[in-house]
Amino acid sequence: MSGEYYSSLSAANAPVDQCPSIIIAPNLTTFERIDKDNAMLLVVDMQIGLFEVVRDYQPDEYKNNILAHAALGKVFNLPTILTTSTQQGPNGPLPKEIIEMHPSAPLIKRQGEVNAWDNADFRAAVKATGKKQVIMAGITTDVCTTFLALSLIEEGYTVFANHEASGAASRRIADEANARMRQAGVHILSMFAIACDLMRNWTYTPGAPQMLPFFDRYFSVYGYLTRGHDAAIESGQILPGESQ
């Protein structure tokens with residue numbers, strides 16, 4: 001075996017501070033809270049044709065996830081921008097539920113640009129919001145979400161990617177795309193984390209009166225938790241042997 005092989009083998013087993021050739025990628029993501037007064041929501045290529053490509057979620061689960069993502073803009077009154085890619089072809093239009101949620105939102109119908117940031121109308125719509133934090137998701141995770149998220153980071157925006165509302169052709173593809181974004185400084189969050197950070201306090205507005213119905217519809221595990229609490233208050237009783 002060559003000397004180069006033994007040299008690389010020794011380097012692999014040596015302490016990091018003795019291996020100048022080993023590059024440790026820095027973690028560029030720092031904690032930054034989402035400010036509902038400085039945030040916008042992007043709905044990127046969540047088209048009914050592209051929906052068929054998604055394989056890292058069950059169809060019913062993923063439909064709920066994208067509708068929940070779009071509904072965040074409505075419940076928190078966030079500037080919302082919709083965009084599609086060649087929707088007259090097999091990618092298809094956005095689901096009617098999303099259009100009905102945001103009838104006045106800009107809908108940028110791109111005619112070729114894979115990365116939405118390459119479209120001048122889309123860039124203008126984003127800049128017109130005056131916001132510097134971006135909550136986004138799209139189909140597919142590795143292309144439409146990742147390309148745009150990295151472009152936004154380069155432009156100086158703080159990006160929060162809703163990983164539950166971005167879909168990919170496999171879980172492995174999604175994991176690798178999320179790792180790529182995270183390394184570049186994109187915050188990868190669940191819908192529940194995004195919603196709670198936007199809300200911050202159950203006594204604020206939006207708070208419990210607005211968010212409990214939202215969670216009941218889109219985050220059923222929490223919705224049923226609150227329903228159970230309501231049922232217990234209304235007609236529940238402690239059973240013999242039940243822990244209090």
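The values are calculated or read from the model by the stated rules, or taken from the named source; none is laboratory data. Everything numeric here is computed off the predicted structure, so don't read it as measured data. Cβ: placed from backbone, ideal geometry, glycine included. Neighbour counts: every protein chain shown. These accessible areas exclude ligands, DNA and RNA; they are computed on the full protein's heavy atoms, side chains included. Shrake-Rupley method; radii C 1.70, N 1.55, O 1.52, S 1.80 Å.
So, in region 181-204, exactly how many residues are assigned to a helix (DSSP H, G or I) and under 14 Å from the mean Cα position of the chain (by Cα)?
Filtering region 181-204 for residues assigned to a helix (DSSP H, G or I) gives 181-183, 191-199.
Right, trim to under 14 Å from the mean Cα position of the chain (by Cα) and you get 181-182, 191-198.
Number of matching residues: 10.
Taking region 207-241 as the region of interest, how many residues are assigned to a loop (DSSP other than H, G, I, E, B) and open to solvent by 90 Å² or more (accessible area, probe 1.4 Å)?
The qualifying residues number 4.
Given the conditions (1) part of a helix (DSSP H, G or I); (2) open to solvent by 60 Å² or more (accessible area, probe 1.4 Å), and given that Val126 satisfies all but one, which numbered condition is not satisfied?
(2)
Residue check, Thr140 against (1) out of contact with any strand residue (DSSP E or B) (no Cβ under 6 Å at 6 or more places or on another chain); (2) of a type outside the set (A, V, I, L, M, F, W, C); (3) crowded, with 18+ Cβ neighbours inside 10 Å; (4) free of Cβ contacts under 8 Å to residues at least 40 places away in the same chain, all met but one. Which one?
(4)
Taking only region 169-206 into account, find how many residues are within 19 Å of Ser151 (Cβ to Cβ), touching a residue at least 60 places away in the same chain (Cβ under 8 Å) and open to solvent by 50 Å² or more (accessible area, probe 1.4 Å).
Looking only at that region, the number is 2.
May I ask you to list pairs of residues, at least six apart or on different chains, whose Cβ atoms are under 9 Å apart, with the first in region 78-104 being at positive phi and the second being among the aliphatic types (A, V, I, L, M)?
Note: pairs meeting the criteria are Gly92/Ile48; Gly92/Leu50.
I'd like to check something: does region 126-140 contain any residue that is over 24 Å from Asn77 (Cβ atoms) and either modelled with pLDDT under 95 or not basic (Lys, Arg) (or both)?
Taking every residue of region 126-140 in turn, at least one turns out to be over 24 Å from Asn77 (Cβ atoms) and either modelled with pLDDT under 95 or not basic (Lys, Arg) (or both).
Of all residues in region 74-100, count the ones that are part of a helix (DSSP H, G or I) and either open to solvent by 30 Å² or more (accessible area, probe 1.4 Å) or in contact with a His (Cβ under 7 Å, 6 or more places away or on another chain) (or both).
6
Return yes when Glu155 is among the acidic types (Asp, Glu), touching a residue at least 60 places away in the same chain (Cβ under 8 Å) and open to solvent by 10 Å² or more (accessible area, probe 1.4 Å) and no when it is not.
It is false that Glu155 is among the acidic types (Asp, Glu), touching a residue at least 60 places away in the same chain (Cβ under 8 Å) and open to solvent by 10 Å² or more (accessible area, probe 1.4 Å).
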